[in-house]
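So the structure is just underneath, and the comments pick up after that.
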Amino acid sequence: MEQFTVQIKPLTPLWTGDANKKCCTLRETGIIGSLRWWYEALIRGLGGSACDPTNSKCNGKVHCDACELFGCTGWARKFKLEVEIDDEAKNICEIKIGTREKRKVKEEYKYLLRKTRGIMFKSASLKFLPLREISEGEWNLLNKTLYIISNYGALGASTSQGNGVISITNNNLPHSQSLIPIDQSQKVQELPKLNDFFFYKFNIEFNKNILKLINNEVFWTHSQDHKGYNEDWRSWEDAWERYDFFPIAFHIRDLIRHLESNKEKRHEIFGEAGRGSTVFVSHGYKISEKTVEVRIYGYDKGNIGNKIKDELENNVKDKLFSSSRNSSYLNKCFLICNKNGKNLLEELI
Ligand SMILES: [Zn+2]
């Protein structure tokens, strides 16, 4: 069977929501679900139709542009995806970050642990095996979807909590500049669409090597009165030394969460149990011994994108370090990429 391959390298751990947490694999369904999510956002941005797959009326006869490629009841997906990890994948050491405040659990307030998890490896192949004809326009959209993911977004699950930043090291999907067959008569729904997105990349630069700062235990891990918390700097060291990532997605989420003071709106933007986040934050990935890059992106509700930008540039030190005394280790945090979905669409077409 003809096959086309995209080679990826993770920059932060990948997570595909595996039920078996010890299993070092990437589940195809998790990758497809994520590809589809971005493909839908792109299609909606172009004025096409993409249903909500959790509440879809699409069927074999009548379906949206996303279902045309990814399938729905009565209409099979046009390709099969096989994922092959080219070397040994490893579960990263779980890194536990306490909550800043006590949270209510069964009538009791206590600190909780948030865990950084996922798998890392050097390289994996995503093999696309067409089962039916995929049009040039669909290949074009798929390539653009991968471009957005690898340059500005993330792949897989748990992408609002640090996981899934990848780079694409090789892509031999059919490339074409053919026009994308979008039926613009469809009414665009209230679902994520690329025009509404903001995409930021920040560089966080310290004035000492990050490894040294980890060894000096200067970063924030838990509240002082969080009883029973066990420090585990080895897992931080492991993440940085072996995998070139720096586990600060929860620190950054803690920084930006309070930007929306209305509780209902905050849950809408940043998610809560059972509801996904509309803002996504990556862990830091290595730029140099002293510098990491962080991606923050999402679809804007109430100008949250601009507030996030200001907060990162000015106040990230407040949440990164265990005490204000240590905040002098931060040299600067600066924006190196600021793109909105409209710019990105113009760039892509
Ligand atoms: Zn559909």
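Worth a mention:
- Proximal aspartates and glutamates to K227, defined as alpha-carbon separation beneath 13 angstrom and excluding residues fewer than eight positions away on the same chain: E101
- Its Kirkwood hydrodynamic radius, worked out from the mean inverse distance over all distinct Cα pairs, puts the stretch 195-348 at 16.5 Å.
- Estimated dipole of the chain in Debye, rounded to 20 [Cβ of Lys and Arg +1, of Asp and Glu -1, Cα centre]: 880 debye
- Label reach from F334 (point 7 Å along Cα→C-beta): in the stretch 282-302, amide nitrogens under 20 Å belong to 284-296.
- Full extension of the chain segment joining T5 with K342 gains 118.4 nm, where the gain is 0.36 nm per residue of separation less the Cα-Cα distance.
- Summed residue charge, Cβ within 12 Å of Y285's Cβ, Lys/Arg positive, Asp/Glu negative: +2
- Listed cross-link partners K9/K193; K144/K342; K96/K301; K90/K122 are compared with a 18 Å cut-off, the Cα-Cα value being larger for K9/K193; K96/K301.
- Fully extending the segment from K80 to L191, taken as 0.36 nm per residue of separation minus the present Cα-Cα distance, adds 37.4 nm.
- Computed over the chain, the P(r) tail beyond 33 angstrom holds 29 percent of alpha carbon pairs.
- Entries of K80/K307; K102/K309; K115/K212; K78/K265; K263/K290 with Cα pairs more than 30 Å apart: K80/K307; K78/K265; K263/K290
- Rough spin-label spacing in nm, given labels placed 7 Å along Cα→Cβ, for Q177 and N151: 1.5 nm
- Extension gain from I349 to K61, taking 0.36 nm per residue of separation minus the Cα-Cα distance: 100.8 nm
- In this structure the amide hydrogen of N331, modeled in the peptide plane, comes within under 5 Å of the amide hydrogens of E205, F206, N207, none closer than 5 places in sequence on its chain.
- For the chain, share of DSSP beta bridges that run antiparallel, in % to the nearest 5: 100 percent
- In units of the rule-of-thumb radius 2.2 N^0.38 Å, the stretch 4-190 shows an alpha carbon radius of gyration of 1.15.
- Membrane-span-like helices in the chain, defined here as complete DSSP H runs extending at least 18 Å along the helix axis by their C-alpha atoms with mean Kyte-Doolittle hydropathy no lower than -0.5, are 28-45, 136-151; this is a sequence and geometry rule, not a statement about a membrane.
- Ignoring aspartates and glutamates fewer than eight residues from K127 along the same chain, the ones with Cα atoms less than 17 angstrom from its Cα are E2, E28, E82, E84, D86, D87, E138.
Values in this text are rule-based calculations from the coordinates and carry no lab data. Fair warning: this is a prediction, and the values are worked out from it, not measured in the lab. With ideal geometry, Cβ positions are generated from the backbone for all residues, glycine too; neighbour counts draw on all protein chains shown.
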